Amino acid sequence: MRIEIICTGDEVLTGKITNTNFSYMAQKLEDVGLSVYWGTTVGDDRDALLEAFRLASARADAVIVNGGLGPTVDDLSQEIAAQAAGVELVLHEEWLERMKDFFSKRARTMPPNNVKQAMLPSTAEMLDNPIGTACGFALDIGKARFFFTPGVPRELRRMLEEQVIPRILARSGAPSSIYLKRFHSYGLGESHVDQLLAGVETLDPEGGIKLGFRAHYPQLETKLTVRGSDRAQIDAKLAPAIAEVRRRLGNFIIAEDDQTLEGEVLAALRAQGSTLTVVETFTAGQISARIAHLPGAETVFRHGTVARHLDNLFGIAVPSALDQATTEAVVQAAREKTGATHALAVLIELDDGADRIDFGGAIWIGIATAERVEFRRSRILGGREWVRLGAVELGLDCLRRFLLGLPVVERIDFEKS
């Protein structure tokens, strides 16, 4: 099946926004074995939109159009879709009542121009939007089935996963059951993991397992897409593949599926009845920010210290150059002075000079409880942002390993001596 994505709006063309919607849609489609053949961006112009719809209708089997479903005059998707399909716009009474109820429940009066969002092409199938006022819709234009989705990311994502993708899969003749298993890892590069997992796809001789990767430094997502006639068949294919991935990647798997590294850390702390203090430099407080807002963190997260410079942290006279003794002294003092059971310190020494590809930093990590102190030093190159992101991930991963009884020091692919 040939799929095209069309993203509309002048903001896309002028660079006022980064079109993350496109990459999200393409990734979700790939996750279920569907490939995007074309991607088009087009501004809020009637002639340009009509040309884009007609071109897509002649070459694609399915087209996802994102944006242009709002109430303002520059939201043109319904109008141009009707023109391209050769049908009239008609008022969708059910959606109009849904919008009125949406505003009423929020003690607001629906503006008159919102009625425009209930005007759909007469041959359209409505696609529900339970969290917004822009309903989606689907209709045939030429030989292609078009799916129109709202530009608001959270509305798009729900509609895409619940309504658009299932309809495209049904049209593509894909197996009735598809399952995506995801592993999140830190410390191994994509090519390294590809080598480690060689042959996993052959665990299903029928070819029902597809291995894929999505690198987003500092993490790597490894995906197993499994197809079968039903869930029982999928589970039978999936079990040996999951076991093999876990065995080969081992301690480098930080979470699976919708779990996150910070979520795993919080869960381990809660299971142990522990509390946490964090000390971090140069990270802009990103370690604390990833944990402190999570549900349940209110009983765990005790204190966060964000410092730009290393001098006099918790009363410790930090020398001009960090060392293991100083790192351990800082993390122990942080735990004692805040009363937490656990403390994590991530202290960074940056190289001098301008930002560049070989710019790096030394990362000094300390973890302390009343009975035990662990230390790890690493050096990461790649520029200031690369160092910052790597330090945040490395610090959280060391804490995860500490809590789970795994080796805190295990060399990673991004580490330089």
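The values are calculated or read from the model by the stated rules, or taken from the named source; none is laboratory data. Predicted, not measured: the structure shown is a model, and the values here were computed from it. All Cβ positions, glycine included, derive from the backbone under ideal geometry; neighbour counts span all protein chains shown. Surface areas here come from the heavy atoms of the whole protein model, side chains and all, with no ligands, DNA or RNA. Shrake-Rupley method; radii C 1.70, N 1.55, O 1.52, S 1.80 Å.
(1) open to solvent by less than 30 Å² (accessible area, probe 1.4 Å); (2) free of Cβ contacts under 8 Å to residues at least 40 places away in the same chain; (3) closer than 17 Å to Arg248 by Cβ: which one isn't true of Gln195, the others all being true?
Unmet condition: (1).
(1) in contact (Cβ under 8 Å) with a residue 40 or more places away in the chain; (2) assigned to a strand (DSSP E or B): which one isn't true of Thr40, the others all being true?
The number of the failed condition is (1).
What's the total number of residues in the range 133-172 that are of a type outside the set (D, E, K, R), free of Cβ contacts under 8 Å to residues at least 60 places away in the same chain and either open to solvent by 10 Å² or more (accessible area, probe 1.4 Å) or closer than 30 Å to Leu396 by Cβ (or both)?
Residues flagged as of a type outside the set (D, E, K, R), free of Cβ contacts under 8 Å to residues at least 60 places away in the same chain and either open to solvent by 10 Å² or more (accessible area, probe 1.4 Å) or closer than 30 Å to Leu396 by Cβ (or both) within the range 133-172 amount to 4.
What do you reckon, is Leu180 open to solvent by less than 70 Å² (accessible area, probe 1.4 Å), modelled with pLDDT of 95 or more and not hydroxyl-bearing (Ser, Thr, Tyr)?
Taking the combined requirement at face value, the residue does not satisfy it.
For the range 72-86, give me each residue that is of a type in the set (A, V, I, L, M, F, W, C) and surrounded by 17 or more Cβ atoms within 10 Å (Cβ to Cβ).
If the condition is that a residue be of a type in the set (A, V, I, L, M, F, W, C) and surrounded by 17 or more Cβ atoms within 10 Å (Cβ to Cβ), then Leu76, Ile80, Ala81, Ala82, Ala84, Ala85 are the ones that fit.
Inside the range 43-71, can you point out the residues that are open to solvent by less than 40 Å² (accessible area, probe 1.4 Å), assigned to a helix (DSSP H, G or I) and touching a Leu at 6+ places or on another chain (Cβ under 7 Å)?
If the condition is that a residue be open to solvent by less than 40 Å² (accessible area, probe 1.4 Å), assigned to a helix (DSSP H, G or I) and touching a Leu at 6+ places or on another chain (Cβ under 7 Å), then Leu49 is the only one that fits.
Scanning for something at pLDDT 95 or above, surrounded by fewer than 19 Cβ atoms within 10 Å (Cβ to Cβ), of a type outside the set (Asp, Glu) and part of a loop (DSSP other than H, G, I, E, B), does the range 334-345 turn up at least one residue?
yes
Could you list, in sequence order, the residues of the range 211-240 that are closer than 23 Å to Ser177 by Cα and touching a residue at least 60 places away in the same chain (Cβ under 8 Å)?
Scanning the range 211-240 gives Gly212, Arg214, Lys223, Thr225, Arg227.
Is there a residue being of a type in the set (D, E, K, R) and within 19 Å of the chain's Cα centre (by Cα) anywhere in the range 191-199?
no
Among the residues of the range 399-413, write down those that are more than 21 Å from the chain's Cα centre (by Cα) and open to solvent by less than 50 Å² (accessible area, probe 1.4 Å).
Across the range 399-413, the qualifying residues are Leu399, Arg401, Phe402, Leu403, Leu406, Val408, Ile412.
Name the single residue that is nearest to Ala391 (Cα to Cα) among those in the range 198-223 being of a type in the set (Gly, Ala, Ser) and open to solvent by 30 Å² or more (accessible area, probe 1.4 Å). I'd like the intermediate steps shown before the answer.
Of the residues in the range 198-223, the ones of a type in the set (Gly, Ala, Ser) are 198-199, 207-208, 212, 215.
Pick out the ones that are also open to solvent by 30 Å² or more (accessible area, probe 1.4 Å) and you get 198-199, 207, 215.
Values: Ala198: 30, Gly199: 33, Gly207: 39, Ala215: 17 Å.
The selected residue is Ala215.
If you go through the range 368-398, how many residues are open to solvent by less than 50 Å² (accessible area, probe 1.4 Å) and either within 28 Å of the chain's Cα centre (by Cα) or farther than 14 Å from Thr327 by Cβ (or both)?
Qualifying residue count for the region: 16.
Would you mind stating whether Leu197 is closer than 17 Å to Asp413 by Cβ and aliphatic (A, V, I, L, M)? First the steps, then the outcome.
On the way: closer than 17 Å to Asp413 by Cβ: yes; aliphatic (A, V, I, L, M): yes.
Criteria met by Leu197.
When the residues of the range 99-127 are filtered to those that are assigned to a loop (DSSP other than H, G, I, E, B) and closer than 19 Å to Ala62 by Cβ, which remaining residue is most open to solvent (accessible area, probe 1.4 Å)?
Ranking the candidates gives Thr123 first.
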